1. Hey, among Leu10, Leu46, Leu37, Leu23, which residue is of a type outside the set (Asp, Glu), assigned to a helix (DSSP H, G or I), exposed (fewer than 15 other Cβ atoms within 10 Å of the Cβ) and under 12 Å from the mean Cα position of the chain (by Cα)?
2. Taking the stated definitions as given, is Gly16 out of contact with any helix residue (DSSP H, G or I) (no Cβ under 7 Å at 6 or more places or on another chain), open to solvent by less than 80 Å² (accessible area, probe 1.4 Å) and either modelled with pLDDT of 90 or more or polar (S, T, N, Q) (or both)?
3. Check Leu18, Leu51, Leu34, Leu5 and return the single one that is touching a residue at least 40 places away in the same chain (Cβ under 8 Å) and not hydroxyl-bearing (Ser, Thr, Tyr).
Amino acid sequence: MLPGLLLALLALLNVGGLIGLVLQLGRGQWAAALGTLAFVVLFDLLGVWLLREAREGGD
């Protein structure tokens, strides 16, 4: 159950990050868009690592 919830969380994070990125770029806020992109990538990497640990059983 935990890997499924984590996968759903990662999918929603990416959708929200993409929407935020598009809105910030549309307003011409390049620095804020880069910050959003950095946080999304950071949380994606953390989420993928947690997902691998959950699937392996924490070994």
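1. Working: Leu10 fails: exposed (fewer than 15 other Cβ atoms within 10 Å of the Cβ); Leu37 fails: exposed (fewer than 15 other Cβ atoms within 10 Å of the Cβ); Leu23 fails: under 12 Å from the mean Cα position of the chain (by Cα).
Unique residue meeting the criteria: Leu46.
2. Numbers: out of contact with any helix residue (DSSP H, G or I) (no Cβ under 7 Å at 6 or more places or on another chain): yes; open to solvent by less than 80 Å² (accessible area, probe 1.4 Å): yes; either modelled with pLDDT of 90 or more or polar (S, T, N, Q) (or both): yes.
Yes; evaluated as a whole, the condition is true for this residue.
3. Details: Leu18 fails: touching a residue at least 40 places away in the same chain (Cβ under 8 Å); Leu34 fails: touching a residue at least 40 places away in the same chain (Cβ under 8 Å); Leu5 fails: touching a residue at least 40 places away in the same chain (Cβ under 8 Å).
None of the others qualify; the one that does is Leu51.
The values are calculated or read from the model by the stated rules, or taken from the named source; none is laboratory data. Fair warning: this is a prediction, and the values are worked out from it, not measured in the lab. Here Cβ is always computed from backbone atoms with ideal geometry, including for glycine, and neighbour counts include all displayed protein chains. Only protein heavy atoms, including side chains, enter the accessible area calculation; ligands, DNA and RNA are left aside. Shrake-Rupley method; radii C 1.70, N 1.55, O 1.52, S 1.80 Å.
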